[in-house]
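Asks: Pasting in a structure now, in structure tokens, and then I'll have a few things to ask.
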Amino acid sequence: MINIIEAKQIKDFKLQLLFEISDYKVGKKEQVRKEADLKEYLMAKKRREFLLP
């Protein structure tokens, strides 16, 4: 049988993991968004260079 302190530590550890995973997912979304913005910026820059003689 697990004592109360061990049970609390396990619960805290699971919560910590959950927060780390959600932070990681948010970080990933931000990274993807930044890459998309960069790609869009570069495409716009190429279009301008192509249009302007």
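The values are calculated or read from the model by the stated rules, or taken from the named source; none is laboratory data. It should be emphasised that the depicted structure is a prediction, and the values quoted were computed from it without experimental measurement. Please note that ligands, DNA and RNA were not included when accessible areas were found on the heavy atoms of the full protein model with its side chains. Shrake-Rupley method; radii C 1.70, N 1.55, O 1.52, S 1.80 Å.
Asks: Condition check: open to solvent by less than 100 Å² (accessible area, probe 1.4 Å) and charged (D, E, K, R). Does GLU30 satisfy that? Steps first, please.
Replies: Details: open to solvent by less than 100 Å² (accessible area, probe 1.4 Å): yes; charged (D, E, K, R): yes.
Answer is yes for this residue.
Asks: Would you pick out the residues in segment 9-43 that are within 9 Å of the chain's Cα centre (by Cα) and of a type outside the set (Asp, Glu)? Please lay out each step first, then the result.
Replies: Restricting attention to segment 9-43, the residues satisfying the condition of being within 9 Å of the chain's Cα centre (by Cα) are 22-32.
Result: SER22, TYR24, LYS25, VAL26, GLY27, LYS28, LYS29, GLN31, VAL32.
Asks: A further question on this structure: Would you check if LYS45 is in a helix (DSSP H, G or I) and open to solvent by 100 Å² or more (accessible area, probe 1.4 Å)?
Replies: Details: in a helix (DSSP H, G or I): yes; open to solvent by 100 Å² or more (accessible area, probe 1.4 Å): no.
No: the conditions fail for LYS45.
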